[in-house]
Amino acid sequence: MEGAEEMKHILGMTHLAKEEIESLLDSASSFKEILLRPIKKVPTLRGRTVVHLFFEPSTRTKLSFELAAKRLSADTVSISSSMSSLVKGETLVDTARNVEAMKPDVVVMRHGHSGACHLLARHIGCSVINAGDGINEHPSQALLDMFTVLEHKGRIEGLKIAIVGDIAHSRVAHSDIIGFTRLGATVTVAGPGTFFPCCIEELGALRATSVEEALEGADVVMALRIQRERQGRALVPSFREYAAAYGINMERLRLAKPDAIVMHPGPINRGVEMSPDVADCGRSVILDQVTNGVAVRMALLAHVLAGADKE
Amino acid sequence: MERILLKGGRILDPSMEMDATGDLLIEDGLISAVGQGIKADGAVEVDVSGLWVCPGLVDLHVHLREPGEEYKETIESGTRAAAAGGFTSVACMPNTRPPNDNAGITRFIVERAREAGHCRVFPVACITKGQGGEELTEFADLLNAGAVAFSDDGLPVRDAGVMRMAMEYAAGLNTLLITHSEEPALSSGGCMNEGRMSTLLGLKGIPAAAEVIAIYRDVALAELTGCRLHVAHVSTAGGVEVVRRAKERGVAVTAETAPHYFSLTEEAVAGYNTSAKMNPPLRTEEDRLAVIQGLQDGTIDVIATDHAPHSVLEKDCAFEVAANGIVGLETALPLTLELCRNRDIEPLRAVELLSTAPARILGIQGGSLSPGSAADVVVIDPGEEFTLSSDKLFSKGKNSPFLGVRLQGRAVLTILSGRPAHDPLGMLDKD
Ligand SMILES: [Zn+2]
């Protein structure tokens, strides 16, 4: 496992410098061009093995990563929680050792515990990409959100981004706040008091006192999927109340800039965090987010393996 | 080895308010004389000039893991670590498997400790059967078997009514209750301090209020019942303040903190470092300074280690599921001496916090060099520097956030009842 220190990992937006993010977004845009060609495959990762290790159910992120790896001609292996022995008492460290025996070049992991990818990276001699860890980070989602904004707005610096929803329990929000602010945008968050972690300003976000305040003059409006309960406790009294007090509807959307775009990391609870007319309106870029996911993940896979010579 | 004469050391004994250069004579396991120019023909003479001579350290809060979790620590390995850290007495918490909630287990612990012979061990027994928080254990029977105090440490007693009953019962027996003060409704699911770092790391936090509220509840119950209460591991500024106000009102309350609460902050968790995970969690710089203030002004009476050995099984895993606790017996002394070097406290106060006060609170012998006392003595080299490495630890637990850290100050000789319990330099070797 020598040289493990120099191994490139993508553990979170917090570890990515501004220049690194910009270069990832650049290369995502080249990969997107490839995706628009009739033959969508390039040989970049031929002979490389990418293991997808998913300890939490996921459809879109897993499919997106798998497709990205295939488009780059990598060999892929998928292990999901139902197949994995982790649930039967095998520790994550044991799993890491077993996966290592497959000699992968990259492990893409989703895990329910914050920091699990950091642990994996310490114990495995290959690159690790975080596909979501607990309530910590989801860097590929943040990068595709940034990529989508860049496509529509031509820039990120100076934009006003409003994020409405459960910030405390959203790894997407966590990564988005870090990423967008690092590239010079202003991120304003709003939602009920139970949805905020302590010291939210430490992440670089501003907290608005109402959804209206957050949406005022926004270039980007993002709603997060709301889950009413966390650890058996209702964080909001009802979906009905949430939709009325915090949901993004057409009336509220009018507070944003006329050309503001609407985003959602999915899956949407229509009529709760976002009214159906907003989700389907011309300003919604939710489906672009899905397409761009593959391009961004191709960029991530290529990035962690760039310069890594196979021994 | 009948007679030992320690010559020319800095004698530090808070029980006699002594901080002076002098000699200490040990005869037949007892301290027979302290002072200047002591002569003793035929005694083993040890030149301890430049070193400190103190009453053996007393740790009011350790986890020895036996019976039940011998893979983490045994009474033998834990007490050996204690001797290496300068301790001659430790009080061990009852969260063993099974928990120490009956006289049979208490006697087993006492017997095992006697066989090992490295350090005196004083069992703390459970407040409630199986630490279940419902039914009181047989306090009187446990006291007869050798228990010195009662605690459900590791688990708070949830029900205030049960806690009240325990305090009334303890007060009737004039014994001590040690509380792990934590409000579970606020702490459950949390794995580190709630604050800046928990947000940055995406980990669920435990607010300081979980400790403050619980200490307040327990202090109010002590006030109501007249029970002697000792608050374990105070970690927050708010907790220090609650104890300070209670003492001002004359409540029979004492308090301890652990070296990590005045040495580290929540920043140590960065990188999901499970060696910095404990309960209560490491707090903020403001809390750390308040704890030091508490040590200075007497609000906090004791420095106890909360020595909590774990194996890699419990620590080499995701932060959220890692076990709470770090080993502390072999680092408490240098970390406390750091407070002296920073001029936060005087050396005599350090010895009081680590020896005299915990012995007094537990009502056990020790904590004093006065003639006639058992010869439990530690000789400290306050200047010795070393880098903590896991292979040098006597404890089976290697879970310390101080591994690889340069520390200063060490026990160079620990004497238990006049016999060497830890003598790495061979100071008491004959010839
Ligand atoms: Zn405790």
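When B:R158, B:R164 are checked against the criterion of being assigned to a loop (DSSP other than H, G, I, E, B) and either in contact with a helix residue (DSSP H, G or I) (Cβ under 8 Å, 6 or more places away or on another chain) or of a type in the set (S, T, N, Q) (or both), B:R158 stands alone in meeting it.
Taking the conditions exactly as written (within 14 Å of chain A (Cβ to nearest Cβ) and of a type outside the set (S, T, N, Q)), does B:A210 satisfy them or not?
yes
The lone criterion from (1) on the phi < 0 side of the Ramachandran plot; (2) at pLDDT below 95; (3) open to solvent by 70 Å² or more (accessible area, probe 1.4 Å) left unmet by A:E19 is number (2).
Looking across region B:129-155, the residues that are on the phi < 0 side of the Ramachandran plot, outside any loop (DSSP other than H, G, I, E, B) and away from the ligand (no atom under 16 Å from the Cβ) come down to B:K129, B:L136, B:F139, B:A140, B:D141, B:L142, B:L143, B:N144, B:A145. Is region B:282-305 home to any residue that is away from the ligand (no atom under 14 Å from the Cβ), in a loop (DSSP other than H, G, I, E, B), in the same structural domain as B:T236 (by TED's automatic domain parsing) and on the phi > 0 side of the Ramachandran plot? Taking every residue of region B:282-305 in turn, at least one turns out to be away from the ligand (no atom under 14 Å from the Cβ), in a loop (DSSP other than H, G, I, E, B), in the same structural domain as B:T236 (by TED's automatic domain parsing) and on the phi > 0 side of the Ramachandran plot.
Counting only residues that are outside any loop (DSSP other than H, G, I, E, B) and more than 14 Å from the ligand (Cβ to nearest atom), region B:168-180 holds 6 of them. The number of residues in region A:106-160 being among the charged types (D, E, K, R), open to solvent by 10 Å² or more (accessible area, probe 1.4 Å) and outside any helix (DSSP H, G or I) comes to 4.
Condition first: assigned by TED's automatic domain parsing to the domain that holds B:V121, under 30 Å from B:T106 (Cβ atoms), open to solvent by 10 Å² or more (accessible area, probe 1.4 Å) and touching a helix residue (DSSP H, G or I) at 6+ places or on another chain (Cβ under 6 Å). Can you find one or more residues in region B:188-209 that meet it? Taking every residue of region B:188-209 in turn, none turns out to be assigned by TED's automatic domain parsing to the domain that holds B:V121, under 30 Å from B:T106 (Cβ atoms), open to solvent by 10 Å² or more (accessible area, probe 1.4 Å) and touching a helix residue (DSSP H, G or I) at 6+ places or on another chain (Cβ under 6 Å).
Let me confirm something: among B:E183, B:E194, B:E211, which residue is away from the ligand (no atom under 13 Å from the Cβ) and within 21 Å of B:V253 (Cβ to Cβ)? Unique residue meeting the criteria: B:E183. Of the candidates B:D101, B:D59, the single residue that is within 16 Å of the ligand (Cβ to nearest atom), among the acidic types (D, E) and buried (at least 19 other Cβ atoms within 10 Å of the Cβ) is B:D59. Among the residues of region B:64-79 satisfying the criterion of being open to solvent by 10 Å² or more (accessible area, probe 1.4 Å) and out of contact with any Ser or Thr (no Cβ under 8 Å at 6 or more places or on another chain), which is farthest from B:S417 (Cα to Cα)? Per the stated criteria, the residue is B:E70.
The values are calculated or read from the model by the stated rules, or taken from the named source; none is laboratory data. Computed from a predicted structure; not experimentally measured. All Cβ positions, glycine included, derive from the backbone under ideal geometry; neighbour counts span all protein chains shown. Heavy atoms of the whole protein, side chains included, go into the accessibility calculation; ligands, DNA and RNA do not. Shrake-Rupley method; radii C 1.70, N 1.55, O 1.52, S 1.80 Å.
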